[in-house]
2 protein chains.
Amino acid sequence: MTRVILRIDFDEERYIGHGRIELLELIGEYGSIARAAKAMGMSYKRAWYLAESINSTFREPVVERQHGGKGGGSAHLTPFGQSLVRDYRAMEAQALKTFAKPLKAMEKKLGARKDFRT
Amino acid sequence: MTRVILRIDFDEERYIGHGRIELLELIGEYGSIARAAKAMGMSYKRAWYLAESINSTFREPVVERQHGGKGGGSAHLTPFGQSLVRDYRAMEAQALKTFAKPLKAMEKKLGARKDFRT
């Protein structure tokens, strides 16, 4: 099924996109950057960098970390972070509706499916 | 200025996105895969692979190549290829209008711009 994936570029350096939103969702779900990283097959370092990068994009924090304790601390989404994820997902769903007609036209032109891996 | 960039995933393997559309536009402009590749800072091999990949996505050719002659042949977009580029760009423009409200809300939350390179 066709999906439309959005990347929102605020300027040349700051953006949110599919991968970043997925990371935020997983941080919210697991309460941990390390576990979210693992679920995405990403290094902890990379996930931490992305979370920092998202935080520095906005004037309010998106991800908050609690240091220390067994297991090295936890993380959660702020209410603003939750609304960011929600708004992005709503836009993604809206895109499929808005672009239903041109997407349908493109789908009709798709060739027979090939399995590129065989 | 905020931009919305779309990737259209038809399935797990077949998609069109920003980079592919830009490559098609440049092939149309220069009449050459090699020159389009150069303009994007991409190897000829990679550009050729992408063009093949786009062609095999659809049942009609998108890029057509003429072999031989001095300079190693030329390439152009088919009418279907031109319509694909046009439809994608129209969707991109439409996205900015459709999402004006949530985008504005996100922009208001942007922090002060930092130059990450200094």
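The values are calculated or read from the model by the stated rules, or taken from the named source; none is laboratory data. Since the structure is predicted, the reported quantities are computational estimates derived from the model, not experimental observations. For neighbour counting, all protein chains shown are included, and Cβ atoms are generated from backbone atoms with ideal geometry for every residue, glycine included. Only protein heavy atoms, including side chains, enter the accessible area calculation; ligands, DNA and RNA are left aside. Shrake-Rupley method; radii C 1.70, N 1.55, O 1.52, S 1.80 Å.
Does the stretch B:68-78 include one or more residues that are outside any helix (DSSP H, G or I), open to solvent by 20 Å² or more (accessible area, probe 1.4 Å) and of a type in the set (D, E, K, R)?
Yes, because at least one residue in the stretch B:68-78 is outside any helix (DSSP H, G or I), open to solvent by 20 Å² or more (accessible area, probe 1.4 Å) and of a type in the set (D, E, K, R).
Please state which of the following conditions B:GLY19 fails to meet, knowing it meets all the rest: (1) away from chain A (no Cβ under 11 Å); (2) open to solvent by 50 Å² or more (accessible area, probe 1.4 Å); (3) closer than 30 Å to A:ASN55 by Cβ.
(2)
Which members of the stretch A:21-51 meet the condition of being among the aliphatic types (A, V, I, L, M) and part of a loop (DSSP other than H, G, I, E, B)? Spell out how you get there, then give the answer.
To start, the set of residues in the stretch A:21-51 that are among the aliphatic types (A, V, I, L, M) comprises A:21, A:23-24, A:26-27, A:33-34, A:36-37, A:39-40, A:42, A:47, A:50-51.
Answer for the stretch A:21-51, where residues must be among the aliphatic types (A, V, I, L, M) and part of a loop (DSSP other than H, G, I, E, B): A:MET40, A:MET42.
Residues of the stretch B:88-97 being surrounded by 15 or more Cβ atoms within 10 Å (Cβ to Cβ) and out of contact with any Phe, Trp or Tyr (no Cβ under 9 Å at 6 or more places or on another chain), which ones? Can you show your working first?
Initial filter on the stretch B:88-97 (surrounded by 15 or more Cβ atoms within 10 Å (Cβ to Cβ)): B:88, B:91-92, B:94-95.
Within the stretch B:88-97, B:TYR88, B:GLU92 meet the criteria.
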